[in-house]
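A quick write-up on the structure given underneath.
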Amino acid sequence: MKWTEETIETEIKTYVKKYETNRMPTASELRKNLRGDLVNAIAKNGGFENWAQRLKLNIKSSETSLGKSFEKYFRKSVKEILGLNSQQMPIKFPYDVLIDGCIKVDVKCGFLYKGKAGSFYTFNLEQTNRKSDLLACYCLNDDKSVKKLYVIPSVLLQGHKQLSVGQHKSIYDKYLNAYYLILKYLKFYNEIRKAL
(Lines give C-alpha, C1' and ligand atoms only; values in the text may rest on other atoms or scores of the structure.)
Protein backbone atom coordinates (compact mmCIF):
# COMPACT_ATOMS: atom_id res chain seq x y z
CA MET A 1 0.00 0.00 0.00
CA LYS A 2 1.21 3.50 -0.81
CA TRP A 3 0.90 5.52 2.38
CA THR A 4 -0.44 9.05 2.14
CA GLU A 5 -1.98 11.23 4.82
CA GLU A 6 -5.40 10.26 3.48
CA THR A 7 -4.74 6.50 3.62
CA ILE A 8 -3.27 6.76 7.12
CA GLU A 9 -6.32 8.69 8.32
CA THR A 10 -8.67 6.17 6.68
CA GLU A 11 -6.83 3.18 8.17
CA ILE A 12 -6.81 4.68 11.68
CA LYS A 13 -10.53 5.49 11.50
CA THR A 14 -11.30 2.01 10.15
CA TYR A 15 -9.31 0.42 12.99
CA VAL A 16 -11.01 2.59 15.64
CA LYS A 17 -14.44 1.71 14.25
CA LYS A 18 -13.66 -2.02 13.92
CA TYR A 19 -12.29 -2.38 17.45
CA GLU A 20 -14.63 0.25 19.00
CA THR A 21 -11.77 1.85 20.93
CA ASN A 22 -12.92 5.51 20.64
CA ARG A 23 -9.26 6.51 21.15
CA MET A 24 -6.00 6.40 19.26
CA PRO A 25 -4.76 2.81 19.00
CA THR A 26 -1.36 2.13 20.53
CA ALA A 27 1.59 0.74 18.58
CA SER A 28 1.45 -2.49 20.57
CA GLU A 29 -2.28 -2.91 19.86
CA LEU A 30 -1.73 -2.38 16.15
CA ARG A 31 1.16 -4.87 16.07
CA LYS A 32 -0.91 -7.41 18.02
CA ASN A 33 -3.56 -7.12 15.29
CA LEU A 34 -0.94 -7.50 12.54
CA ARG A 35 -0.89 -3.81 11.59
CA GLY A 36 2.84 -3.17 11.87
CA ASP A 37 2.54 -1.50 8.46
CA LEU A 38 0.24 1.14 9.95
CA VAL A 39 2.56 1.58 12.96
CA ASN A 40 5.43 2.40 10.58
CA ALA A 41 3.28 4.70 8.45
CA ILE A 42 2.14 6.64 11.54
CA ALA A 43 5.69 6.84 12.92
CA LYS A 44 7.08 8.12 9.60
CA ASN A 45 4.32 10.71 9.17
CA GLY A 46 4.12 12.73 12.37
CA GLY A 47 3.72 10.10 15.07
CA PHE A 48 0.92 8.80 17.26
CA GLU A 49 0.40 11.96 19.31
CA ASN A 50 0.19 14.08 16.16
CA TRP A 51 -2.40 11.78 14.56
CA ALA A 52 -4.41 11.58 17.78
CA GLN A 53 -4.61 15.38 17.84
CA ARG A 54 -5.49 15.60 14.15
CA LEU A 55 -8.29 13.05 14.49
CA LYS A 56 -9.38 14.36 17.90
CA LEU A 57 -8.76 10.98 19.54
CA ASN A 58 -7.63 10.52 23.12
CA ILE A 59 -4.36 8.72 23.82
CA LYS A 60 -4.32 5.71 26.11
CA SER A 61 -2.92 6.88 29.42
CA SER A 62 -0.36 4.06 29.53
CA GLU A 63 1.37 5.45 26.39
CA THR A 64 1.83 8.85 28.02
CA SER A 65 2.79 7.30 31.36
CA LEU A 66 5.40 5.09 29.64
CA GLY A 67 7.13 8.16 28.21
CA LYS A 68 6.94 10.02 31.52
CA SER A 69 8.30 7.02 33.44
CA PHE A 70 11.35 6.84 31.16
CA GLU A 71 11.92 10.58 31.48
CA LYS A 72 12.11 10.02 35.26
CA TYR A 73 14.34 6.98 34.72
CA PHE A 74 16.69 9.05 32.54
CA ARG A 75 16.82 11.85 35.12
CA LYS A 76 17.65 9.35 37.86
CA SER A 77 20.43 7.84 35.70
CA VAL A 78 21.90 11.28 34.99
CA LYS A 79 21.93 12.02 38.73
CA GLU A 80 23.50 8.66 39.64
CA ILE A 81 26.06 8.52 36.82
CA LEU A 82 27.00 12.19 36.40
CA GLY A 83 25.78 13.80 39.63
CA LEU A 84 23.78 16.38 37.67
CA ASN A 85 20.38 17.76 38.57
CA SER A 86 17.61 17.96 36.02
CA GLN A 87 13.96 18.79 35.72
CA GLN A 88 11.09 17.21 33.85
CA MET A 89 9.36 19.61 31.48
CA PRO A 90 5.58 19.92 30.94
CA ILE A 91 4.00 17.76 28.22
CA LYS A 92 3.67 20.51 25.59
CA PHE A 93 7.36 21.49 25.81
CA PRO A 94 9.48 20.75 22.68
CA TYR A 95 11.85 18.66 24.85
CA ASP A 96 11.37 16.46 27.91
CA VAL A 97 14.25 17.04 30.34
CA LEU A 98 16.43 20.05 31.16
CA ILE A 99 19.81 19.16 32.71
CA ASP A 100 21.65 21.72 34.84
CA GLY A 101 19.40 24.49 33.51
CA CYS A 102 20.85 24.34 29.99
CA ILE A 103 21.02 20.92 28.27
CA LYS A 104 17.76 20.04 26.54
CA VAL A 105 17.02 16.32 26.11
CA ASP A 106 14.19 14.58 24.30
CA VAL A 107 13.52 11.09 25.70
CA LYS A 108 12.17 8.45 23.30
CA CYS A 109 11.12 4.82 23.70
CA GLY A 110 11.09 2.26 20.91
CA PHE A 111 10.06 -1.38 20.68
CA LEU A 112 11.50 -4.00 18.35
CA TYR A 113 9.84 -4.19 14.95
CA LYS A 114 10.38 -7.33 12.88
CA GLY A 115 9.99 -6.71 9.17
CA LYS A 116 11.11 -8.09 5.83
CA ALA A 117 14.16 -5.80 5.83
CA GLY A 118 15.24 -7.00 9.29
CA SER A 119 14.54 -6.28 12.94
CA PHE A 120 14.99 -2.81 14.33
CA TYR A 121 13.85 -0.41 17.02
CA THR A 122 11.90 2.58 15.74
CA PHE A 123 11.53 5.98 17.35
CA ASN A 124 9.04 8.64 16.31
CA LEU A 125 10.89 11.97 16.36
CA GLU A 126 7.72 13.98 15.65
CA GLN A 127 9.20 17.24 14.31
CA THR A 128 11.91 17.45 11.68
CA ASN A 129 13.55 20.43 13.40
CA ARG A 130 15.02 19.38 16.71
CA LYS A 131 14.57 21.73 19.68
CA SER A 132 16.71 19.56 21.96
CA ASP A 133 20.47 19.16 22.24
CA LEU A 134 20.37 15.41 22.71
CA LEU A 135 18.04 12.47 22.18
CA ALA A 136 17.94 9.71 24.79
CA CYS A 137 16.52 6.69 22.92
CA TYR A 138 15.58 3.65 24.99
CA CYS A 139 15.30 0.36 23.08
CA LEU A 140 12.74 -1.67 25.02
CA ASN A 141 11.90 -5.35 25.31
CA ASP A 142 8.24 -6.39 25.14
CA ASP A 143 8.06 -6.30 28.96
CA LYS A 144 9.27 -2.64 28.82
CA SER A 145 12.67 -3.45 30.30
CA VAL A 146 15.64 -1.64 28.77
CA LYS A 147 17.64 -3.51 26.15
CA LYS A 148 19.95 -0.58 25.35
CA LEU A 149 20.18 3.22 25.43
CA TYR A 150 21.47 5.60 22.79
CA VAL A 151 22.37 9.19 23.65
CA ILE A 152 22.56 10.92 20.26
CA PRO A 153 23.27 14.56 19.35
CA SER A 154 20.05 15.96 17.91
CA VAL A 155 21.92 17.81 15.16
CA LEU A 156 22.57 14.44 13.48
CA LEU A 157 18.84 13.90 13.09
CA GLN A 158 17.74 17.30 11.78
CA GLY A 159 15.21 16.77 9.03
CA HIS A 160 14.30 13.25 10.20
CA LYS A 161 10.87 12.28 11.52
CA GLN A 162 11.91 8.77 12.48
CA LEU A 163 14.98 6.97 13.81
CA SER A 164 15.52 3.26 13.20
CA VAL A 165 18.21 1.33 15.06
CA GLY A 166 19.18 -2.21 14.06
CA GLN A 167 18.54 -4.95 16.59
CA HIS A 168 22.14 -6.18 16.50
CA LYS A 169 24.16 -3.52 14.68
CA SER A 170 23.64 0.14 13.85
CA ILE A 171 25.56 3.17 12.62
CA TYR A 172 24.49 4.76 15.91
CA ASP A 173 26.27 2.17 18.08
CA LYS A 174 29.00 4.68 18.90
CA TYR A 175 26.32 6.52 20.91
CA LEU A 176 25.44 3.54 23.13
CA ASN A 177 25.28 4.78 26.74
CA ALA A 178 27.01 7.99 25.61
CA TYR A 179 26.42 9.91 28.85
CA TYR A 180 29.80 11.56 28.26
CA LEU A 181 28.09 13.76 25.64
CA ILE A 182 26.11 15.42 28.41
CA LEU A 183 29.38 16.51 30.00
CA LYS A 184 30.65 17.84 26.64
CA TYR A 185 27.50 19.92 26.21
CA LEU A 186 27.74 21.12 29.82
CA LYS A 187 31.34 22.24 29.27
CA PHE A 188 30.24 24.16 26.15
CA TYR A 189 27.36 25.87 27.95
CA ASN A 190 29.53 26.69 30.97
CA GLU A 191 32.07 28.40 28.68
CA ILE A 192 29.27 30.52 27.27
CA ARG A 193 28.10 31.38 30.80
CA LYS A 194 31.62 32.48 31.76
CA ALA A 195 31.84 34.74 28.71
CA LEU A 196 28.98 36.92 29.97
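The values are calculated or read from the model by the stated rules, or taken from the named source; none is laboratory data. Just so we're clear, the structure is a prediction, and the values are computed from it rather than from any experiment. Methodologically, a virtual Cβ is constructed for each residue, glycine included, from the backbone with ideal geometry; neighbour enumeration extends over all protein chains shown. Please note that ligands, DNA and RNA were not included when accessible areas were found on the heavy atoms of the full protein model with its side chains. Shrake-Rupley method; radii C 1.70, N 1.55, O 1.52, S 1.80 Å.
Filter the stretch 140-150 down to the residues that are in a strand (DSSP E or B) and surrounded by fewer than 23 Cβ atoms within 10 Å (Cβ to Cβ) and list them by number. First the steps, then the outcome.
Step one: list which residues in the stretch 140-150 are in a strand (DSSP E or B), which gives 140, 146-150.
Within the stretch 140-150, 140, 146, 147, 148, 149 qualify.
Is there a residue in the stretch 158-169 that is open to solvent by less than 20 Å² (accessible area, probe 1.4 Å), of a type outside the set (Phe, Trp, Tyr) and under 20 Å from residue 83 (Cβ atoms)? No; the residues of the stretch 158-169 include none that is open to solvent by less than 20 Å² (accessible area, probe 1.4 Å), of a type outside the set (Phe, Trp, Tyr) and under 20 Å from residue 83 (Cβ atoms). Residues in the stretch 1-29 that are open to solvent by 40 Å² or more (accessible area, probe 1.4 Å) and of a type in the set (A, V, I, L, M, F, W, C) were compared, and the one that is modelled with the highest pLDDT is 3.
Table: residues versus (1) within 29 Å of residue 30 (Cα to Cα); (2) touching a residue at least 40 places away in the same chain (Cβ under 8 Å).
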{"residue": "87", "(1), (2)": "no, no"}
{"residue": "110", "(1), (2)": "yes, yes"}
{"residue": "128", "(1), (2)": "yes, no"}
{"residue": "152", "(1), (2)": "yes, no"}
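For residues that are in contact with a strand residue (DSSP E or B) (Cβ under 6 Å, 6 or more places away or on another chain) and not hydrophobic (A, V, I, L, M, F, W, C), scanning just the stretch 105-116, find the one that is surrounded by the fewest Cβ atoms within 10 Å (Cβ to Cβ). For the stretch 105-116, the residue satisfying everything is 113.
When 32, 79 are checked against the criterion of being open to solvent by 30 Å² or more (accessible area, probe 1.4 Å), under 21 Å from residue 121 (Cβ atoms) and of a type outside the set (Phe, Trp, Tyr), a single residue qualifies: 32. Pairing residues of the stretch 172-196 that are on the phi < 0 side of the Ramachandran plot with residues that are among the acidic types (Asp, Glu) and surrounded by 12 or more Cβ atoms within 10 Å (Cβ to Cβ), at Cβ distances under 9 Å and at least 6 apart in sequence or on separate chains, gives 181/133; 182/100; 182/133; 185/133; 186/100; 189/100; 189/133; 190/100.
Pairs meeting the criteria (first residue in the stretch 39-67 and polar (S, T, N, Q) and modelled with pLDDT of 80 or more, second residue open to solvent by 40 Å² or more (accessible area, probe 1.4 Å) and part of a helix (DSSP H, G or I), beta carbons under 8 Å, at least 6 apart or on different chains) are 45/5. In summary, residue 95 fulfils each of the numbered conditions (1) assigned to a loop (DSSP other than H, G, I, E, B); (2) open to solvent by 50 Å² or more (accessible area, probe 1.4 Å) with the single exception of condition (2).
One residue stands out among those in the stretch 122-167 that are at pLDDT 90 or above and aromatic (Phe, Trp, Tyr): the one that is farthest from residue 49 (Cα to Cα), which is 150. Taken over the stretch 82-92, the residue count meeting the criterion of being open to solvent by 30 Å² or more (accessible area, probe 1.4 Å) and assigned to a strand (DSSP E or B) is 2.
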